[in-house]
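Accompanying notes for the structure given below.
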2 protein chains.
Amino acid sequence: MTNPAATIEETLQRYRGEVNEALAGYLEAGPAVPQRLFEAMAYSLLAGGKRLRPVLVLLACEACGGERAAALPAACAMEMIHTYSLIHDDLPAMDNDDYRRGRKTNHKVFGEGLAILAGDGLLTLAFELVARRTEPPEVAAACCADLAAAAGMAGMVGGQVADLEAEGRVLSGIDELEAIHRRKTGALLACSLALGARVAKADRSLREGLVQYGQCLGLAFQIVDDLLDVRGDSQALGKAVRKDASRGKQTYPAMLGEEASAVRAELLVQQACAALKPLGDRAGLLEGLARFVLDRDH
Amino acid sequence: MTNPAATIEETLQRYRGEVNEALAGYLEAGPAVPQRLFEAMAYSLLAGGKRLRPVLVLLACEACGGERAAALPAACAMEMIHTYSLIHDDLPAMDNDDYRRGRKTNHKVFGEGLAILAGDGLLTLAFELVARRTEPPEVAAACCADLAAAAGMAGMVGGQVADLEAEGRVLSGIDELEAIHRRKTGALLACSLALGARVAKADRSLREGLVQYGQCLGLAFQIVDDLLDVRGDSQALGKAVRKDASRGKQTYPAMLGEEASAVRAELLVQQACAALKPLGDRAGLLEGLARFVLDRDH
């Protein structure tokens, strides 16, 4: 009998490898692209990382009966948008971080001006990729619209603003904290599932179940992140720990306590898996991934 | 007999009014959008300005026999991308400007963090607008791809990087200067024409003629901009003048002299108008606009 945990990890690793290869191929250095800009974009995009969002696109597509290869452009677009958001969030005018994924942040290596532009370039390239390489055009247009809604003013960008505004004041409660995370990380995670479903031409009810899974998974992911910041070791994480507390950032463990936070994460993962019911047997890998997110140590 | 110059100005003003109204409608303050982010985006997007790019979209669409109203989403998307680029270019890490269109720059009012995010939000909203509101979906997808190519690493963002890199060193010649402007301003102007043609479902040859017009117009526009910086008065322009020289920025007048620059702009406008030949009689307004750009004093 195969060990299901090992199978999940192996699958994730294989899919991650496909994503990494595709990302390197999609980031093209044409004659009109300044060398230094290309380097700055590649530095952050090809720096490794969990590739959680693109892997979710691939898994959602397959769970809906689609071909994984058809979802690669949308998958890579998600990672480009995630990477751009990290580059901009790390800037001195925002979170002012010096390290990310174990390496110096983009602006520490390339300077602030180029880091801003590298982020802009990645955000833009994400849309080009989906618009040009997702088939058929109706699906491409719908994916572009989903992606923009999730990444924009009512999604990730809005969440980042709310997060900046929340620093240094007391949040009204766990609902306000969750409202920030729903936009800042949840919207993009949920969108990954939606894009996979769209590429597979899944019907609306399947897509909505997957989006709900993504929303719950996104919150669980954030709680685990907060817990790792309290408990984790910086070597495994590749970034500084216990930063949240030193910055007065409000987190799940700070508001609920560590134990209740862990319980909440567990509950959210159960909700996530329950939302996969319409998929039946094909939900296995997504369920496994949710468990994996809960149990990760980095 | 009507005065053709007056007709052009009246038409531009009417179209500009339609664009301004549509922009205000498309920028929606939903419950998930932080108030301050909305204000920062509206501050720069609804600050007036020439609205050259959106007007070009509308004119190109009509010149190809399309309905102006159908091109409004693409037109407004162009202006959002233009506005985002101005917000980011004005940042301290880039051109470090305090005034724009006669008012304080975005980061001077809202702070750097919010200005970066307001720019990110506008860039993202541009794609949502085109993807969601341009019909049919094949045209929406093609417009998103064009827009991203023009705005991205091989277009506007690449041009901005090349411009940053060129400061403080001597360019190899007018060709290098033009290669910067082709990307930094030319790509987006040419794209405006392409989108108008796409919305009107014009054939490829019409679209290519319009793009050529846009490329020539973009360079002419830049030369006139450089000349206004040397000759102009800051009140009419709404921004500081003679900044280029004080910053050691290389310009057409600095490289060619004022007179030869003016001749080159005139020649480019002639080339632009020649590229409109396939449109026959329907090219009138675009020809008028090219003249207008050449003769503007702000």
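What the table shows:
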quantity	calculated
Residues of the stretch B:150-198 satisfying the condition of being in a loop (DSSP other than H, G, I, E, B) and β-branched (Val, Ile, Thr)	B:Val170
Sole residue being surrounded by fewer than 19 Cβ atoms within 10 Å (Cβ to Cβ) and at pLDDT 95 or above, chosen from B:Glu79, B:Glu128, B:Glu135	B:Glu135
Conditions (1) within 21 Å of the chain's Cα centre (by Cα); (2) over 26 Å from A:Leu147 (Cα atoms); (3) among the β-branched types (Val, Ile, Thr); number of the one not met by B:Val170	(1)
Criterion violated by B:Ile174 - all others in (1) at the interface with chain A (Cβ under 8 Å from one of its Cβ atoms); (2) touching a residue at least 40 places away in the same chain (Cβ under 8 Å); (3) among the aliphatic types (A, V, I, L, M) satisfied	(1)
Long-range neighbours under 7 Å by Cβ, at least six apart or interchain, first residue crowded, with 16+ Cβ neighbours inside 10 Å within the stretch B:270-298, second at pLDDT 95 or above and outside any helix (DSSP H, G or I)	B:Ala283/B:Leu276; B:Leu286/B:Leu276; B:Glu287/B:Leu276
Answer from B:Val19, B:Val33 - the residue that is assigned to a helix (DSSP H, G or I) and at pLDDT 95 or above	B:Val19
Checking A:Ala75 against (1) within 18 Å of A:Glu39 (Cα to Cα); (2) more than 11 Å from chain B (Cβ to nearest Cβ), the condition it does not meet	(1)
Per-region count, the stretch A:102-141, residues of a type in the set (A, V, I, L, M), within 7 Å of another protein chain (Cβ to nearest Cβ) and closer than 25 Å to B:Glu128 by Cα	7
Single unsatisfied condition, B:Leu164 versus (1) modelled with pLDDT under 95; (2) more than 10 Å from chain A (Cβ to nearest Cβ)	(2)
Condition met for B:Lys108 (on the phi > 0 side of the Ramachandran plot and surrounded by fewer than 19 Cβ atoms within 10 Å (Cβ to Cβ))	no
Some residue of the stretch B:93-101 being more than 25 Å from A:Val157 (Cβ to Cβ), more than 8 Å from every other protein chain (Cβ to nearest Cβ) and surrounded by fewer than 24 Cβ atoms within 10 Å (Cβ to Cβ)	yes
Hits in the stretch A:27-38 (condition: of a type outside the set (A, V, I, L, M) and surrounded by 15 or more Cβ atoms within 10 Å (Cβ to Cβ))	A:Pro34, A:Arg36, A:Phe38
In the stretch B:144-161, residue surrounded by the most Cβ atoms within 10 Å (Cβ to Cβ) [restricted to those that are over 13 Å from A:Gly121 (Cβ atoms) and at the interface with chain A (Cβ under 8 Å from one of its Cβ atoms)]	B:Cys144
Residue ID - farthest from A:Val224 (Cα to Cα), chosen from residues in the stretch A:238-292 that are at pLDDT below 95 and β-branched (Val, Ile, Thr)	A:Val241
Which listed residue is touching a strand residue (DSSP E or B) at 6+ places or on another chain (Cβ under 8 Å), assigned to a helix (DSSP H, G or I) and either surrounded by fewer than 18 Cβ atoms within 10 Å (Cβ to Cβ) or not small (Gly, Ala, Ser) (or both), from B:Leu86, B:Leu58	B:Leu86
Single condition A:Lys201 does not satisfy, out of (1) more than 25 Å from A:Ser261 (Cα to Cα); (2) in a helix (DSSP H, G or I)	(2)
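The values are calculated or read from the model by the stated rules, or taken from the named source; none is laboratory data. Everything numeric here is computed off the predicted structure, so don't read it as measured data. Here the Cβ is made from the backbone with ideal geometry for all residues, glycine too, and neighbour counts use every protein chain on show.
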